[in-house]
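First the structure, in the form of structure tokens, and then the observations on it.
The values are calculated or read from the model by the stated rules, or taken from the named source; none is laboratory data. This structure is a prediction, so every number in the text was calculated from the model and none was measured. Glycine also receives a Cβ, built like all others from the backbone with ideal geometry; neighbour counts cover every protein chain displayed. Accessible surface areas use protein heavy atoms only, side chains included; no ligands, DNA or RNA. Shrake-Rupley method; radii C 1.70, N 1.55, O 1.52, S 1.80 Å.
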Amino acid sequence: MIKKSFQFQLVFVCILFGPYLSAQETGLDLMPVPKQVEIGEGQFVLNKDFSISLTGNYHQRLAHEATRFLRRLDQKTALFFTQHKVSGELPGAELVISVERPGEVRLHEDESYQLRIDAESIELKAQTDIGAIRGLETLLQLVGVSNGQNIFPVLTIHDSPRFHWRGLMLDVARHFMPMDVLYRTLDAMAAVKLNVLHLHLVDDQGFRFPTKAFPELLELSTDGQYYTREDLDEIIAYAHQRGIRVIPEIDVPGHATAILVAFPELGSKDTTYTLERFSGIFDPTLDPTNDAVYDFLDELFSEVAEVFPDPYFHIGGDENLGRHWNENEEIQAFMKANNLATNHDLQTYFNIRIQKILNKYGKHTMGWDEIMTPEMPKSAIIHSWRGNWEGMVAKQTLYDAARAGYETVLSNGYYLDLMMPASQHYLVDPAPAEMDLTEAERSRILGGEMCMWSELVIPETIDSRLWPRAAAVAERLWSPEEIRDVQDMYRRLSIISLQLEQLGLKHISSRNAILRKLAKSREIEPLKVLVEVVEPMKGYTRNTNGTLYTTFSPFMLWADAATADATVARVFNEDVGRYLSGKLEASQLRTQLDLWSNNHKKVLPIIKRSPALSEIESLSENLSRAAAIGLEAIGLIESGGKPSSGWVSRSQQVLEEARENGGRTELQMISGIAMLVDELKGL
Ligand code: ACM
């Protein structure tokens, strides 16, 4: 099977990294990288008679998914396939999919598959149809062109996921996400083999679950935006069709403003509540000493449990500071009488009671890591989110949970709303080899879940906040630990990004739509030059004190056109490094710097037409000033000249100022230019 010229390389690679060829070694554009790839010789050539046969014992979803695969492949190749529908066995078909048993959309289901492509035929084998569906996504990523023909490369893949829990949490409470967002998010998740959609349905800013028992909640706490039962049934069916589980979250006892707006008597403070419009951690909290709270939750949970078939039910439990508990004398007396020394103890008392309610409905508890106390039964899943993840080792609550005997899922490090570059999330590993856990403890780490908190995200922009970065994390959760080459990840991510657009995602197109809106014109080239080198302010800094914006702020601003990975700037900074080590001609950097240095005078007339863009005037000017410094630096480096007295420190000062944000975004090419200036230090 293995090409001769490849054999030496393969042996070499095996010695270094084990039995894998990484995407880089194979040259394939797959994401996530499969567990094992053997490259063969030759190609399978596609033509319009390409057809698919299904054999074995499979769930009917496979026929739908194979048909969807065929349509997507036809869109890619424009071959006008003669087969329209895939429905069962088809003698002579070129792609034969064989499955052992119907898959169940549940935790720990077998998602493995083997794909064998030779010049005449393709075989996709899997234990379950869900494994086969994962394999179809791989096959779709493999289509290429050779000598003017659409082809699949001859190869064999043995693949299975490293982690069983590969999730994405969508906060549909802060900003409601309509059905079209959920549909296209699920399509994209399936494309990169994610398998859990977690819906954060309730928070201080809104209640989105279609309760029948409590119409007051829909009347008072939704701003008219919530899912219907039919919506949720459809989303769950759509997800199951793709082998994706859907987990509901009802966040209690904190984050409870939306509930208390309708039922203030369930709160811990005698007050009226109004729906929260700002961002942050707020005090409204359910009263755990009030039996009516448990009656309410029993009724609500029974409805939620009826709609969502997955055995796991997320109860939130995060960020309850208990301030309203401290202020309430009756709650304090209750704590004393029941030997509950701390607010955490009181929350544990609450958790144990609601855990019993969930058991009644056949559900296991999942909750943010605050729910982990000795009294919490070991059947609960601890969702690890706290810690200083910038150090990339701070997964303490994950490890503590695994050591204490809980299954656990990592989100710390996967908060996509913080607008960190893909590389940063990509390198966060839930269970690195060097981790100090026993084999049994390690096996309790189920995987990870990305979080998309939506304080600053609306349906028009959520795709560009999720994608393509979510594909990089999807790879971390599926592929072998050794797959960690950031450069190769970015190479493949840019290809996957276009494939996601073909699926209907708006992460690329939304940028230009925002820029046209801001410019009030089709002429947006200079704005594109600028937006390509900025990233939104990171962490929670964009929304100063959580009060710069409200739920109703217009999130189609300059920063919303910017994305977390300013690729042009990253490549420029890398190019500077290559130039300084003699591996790149100065002319390449000059072309880029010329464009930037002339850009501000083109941006200015656009700003004049659009008051909403006045916030980027200094940002735009800073790009051009920094670029002019870069050009001067290259001129000096190339001529071997000496900078005039004070030039280096003055330039450094300008670059320092240019690091200041503008339009809630930050220029990302400053470090490259600073490297050019540094080269002239001390001359
Ligand atoms: C969280 O970010 N409060 C779970």
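Of Gln424, Gln347, Gln355, all but one fail to be assigned to a helix (DSSP H, G or I) and within 30 Å of Ser553 (Cα to Cα); the exception is Gln424.
One line per residue, one yes/no per condition, for (1) buried (at least 17 other Cβ atoms within 10 Å of the Cβ); (2) farther than 26 Å from Ala190 by Cα:
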residue: Leu493; (1), (2): yes, no
residue: Ser497; (1), (2): yes, no
residue: Leu505; (1), (2): yes, no
residue: Ile508; (1), (2): no, no
residue: Leu515; (1), (2): yes, yes
residue: Lys520; (1), (2): no, yes
residue: Pro526; (1), (2): yes, yes
residue: Val531; (1), (2): yes, yes
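Being within 14 Å of the ligand (Cβ to nearest atom), touching a Cys at 6+ places or on another chain (Cβ under 8 Å) and in a helix (DSSP H, G or I), is that true of even one residue in the stretch 381-404? Scanning the stretch 381-404 turns up no residue that is within 14 Å of the ligand (Cβ to nearest atom), touching a Cys at 6+ places or on another chain (Cβ under 8 Å) and in a helix (DSSP H, G or I).
Checking each residue in the stretch 633-646 for being open to solvent by 20 Å² or more (accessible area, probe 1.4 Å) and in a helix (DSSP H, G or I) picks out Gly635, Leu636, Ile637, Glu638, Ser639. Taken over the stretch 408-440, the criterion of being over 25 Å from Phe278 (Cα atoms), polar (S, T, N, Q) and either within 16 Å of the ligand (Cβ to nearest atom) or more than 15 Å from the chain's Cα centre (by Cα) (or both) is satisfied by Thr408, Thr438. For the stretch 349-380, filtered to residues that are of a type in the set (Val, Ile, Thr) and either surrounded by fewer than 21 Cβ atoms within 10 Å (Cβ to Cβ) or within 13 Å of the ligand (Cβ to nearest atom) (or both), the residue that is farthest from Leu297 (Cα to Cα) is Thr373. Candidates are the residues of the stretch 442-463 that are among the hydroxyl-bearing types (Ser, Thr, Tyr) and open to solvent by less than 10 Å² (accessible area, probe 1.4 Å); the one that is nearest to Ala559 (Cα to Cα) is Thr461. Of the helices (runs of 4 or more DSSP H) entirely within the stretch 160-243, those holding at least 2 residues that are over 18 Å from the mean Cα position of the chain (by Cα) occupy 215-220, 229-241.
Gly56 falls short on exactly one of the conditions (1) on the phi > 0 side of the Ramachandran plot; (2) touching a Lys or Arg at 6+ places or on another chain (Cβ under 7 Å), and that condition is (2).
Restricting the first member to the stretch 505-517 and to residues that are more than 13 Å from Pro459 (Cβ to Cβ), and the second to residues that are basic (Lys, Arg), the beta-carbon pairs closer than 7 Å and six or more apart or on different chains are Leu515/Lys528; Arg516/Arg522. For the stretch 272-288, indicate whether the set of residues that are outside any loop (DSSP other than H, G, I, E, B), surrounded by 15 or more Cβ atoms within 10 Å (Cβ to Cβ) and free of Cβ contacts under 8 Å to residues at least 24 places away in the same chain is non-empty. Within the stretch 272-288 (the criterion being outside any loop (DSSP other than H, G, I, E, B), surrounded by 15 or more Cβ atoms within 10 Å (Cβ to Cβ) and free of Cβ contacts under 8 Å to residues at least 24 places away in the same chain), the answer is no, since none of the residues qualifies. Taken over the stretch 548-576, the residue count meeting the criterion of being open to solvent by 30 Å² or more (accessible area, probe 1.4 Å) and either small (Gly, Ala, Ser) or at pLDDT below 95 (or both) is 0. Annotation: of all residues in the stretch 314-327 being within 16 Å of the ligand (Cβ to nearest atom) and either among the acidic types (Asp, Glu) or closer than 19 Å to Asp171 by Cα (or both), the one that is surrounded by the fewest Cβ atoms within 10 Å (Cβ to Cβ) is Glu319. Scanning the stretch 328-343 for residues that are part of a helix (DSSP H, G or I) and either surrounded by fewer than 13 Cβ atoms within 10 Å (Cβ to Cβ) or modelled with pLDDT under 95 (or both) turns up Glu329, Glu330, Ala333, Lys336, Ala337.
Considering the stretch 434-547, the qualifying helices (runs of 4 or more DSSP H), each wholly inside and each with 1 or more residues that are under 30 Å from Val603 (Cβ atoms), run over 462-466, 469-478, 486-502, 509-519, 525-531. Applying the criterion of being farther than 27 Å from Thr461 by Cβ and charged (D, E, K, R) to the residues of the stretch 143-174, the residue that is least open to solvent (accessible area, probe 1.4 Å) is Asp159. When each of Lys125, Lys76 is tested for being more than 26 Å from the chain's Cα centre (by Cα), more than 30 Å from Ser384 (Cα to Cα) and among the basic types (Lys, Arg), the lone residue that passes is Lys125. Open to solvent by 50 Å² or more (accessible area, probe 1.4 Å) and either away from the ligand (no atom under 16 Å from the Cβ) or in a loop (DSSP other than H, G, I, E, B) (or both), is that true of Ala305? Spelling it out, it is not the case that Ala305 is open to solvent by 50 Å² or more (accessible area, probe 1.4 Å) and either away from the ligand (no atom under 16 Å from the Cβ) or in a loop (DSSP other than H, G, I, E, B) (or both). Which residues, taken from the stretch 441-467, are within 16 Å of the ligand (Cβ to nearest atom), within 10 Å of the chain's Cα centre (by Cα) and closer than 20 Å to Ser279 by Cβ? Residues satisfying the conditions are Met450, Cys451, Met452, Arg465.
For the stretch 477-508, residues that are within 17 Å of Phe163 (Cβ to Cβ) and touching a helix residue (DSSP H, G or I) at 6+ places or on another chain (Cβ under 6 Å) total 1.
Tally the residues that are among the hydroxyl-bearing types (Ser, Thr, Tyr) and buried (at least 21 other Cβ atoms within 10 Å of the Cβ), restricting the search to the stretch 46-80. Of the residues in that region, 1 qualify. Of the set (1) more than 30 Å from Phe552 (Cβ to Cβ); (2) touching a Lys or Arg at 6+ places or on another chain (Cβ under 7 Å); (3) within 16 Å of the ligand (Cβ to nearest atom); (4) of a type outside the set (Phe, Trp, Tyr), all apply to Asp310 but (3).
The residue that is farthest from Asp318 (Cα to Cα), among those in the stretch 252-268 that are open to solvent by less than 20 Å² (accessible area, probe 1.4 Å) and free of Cβ contacts under 8 Å to residues at least 60 places away in the same chain, is Ala262.
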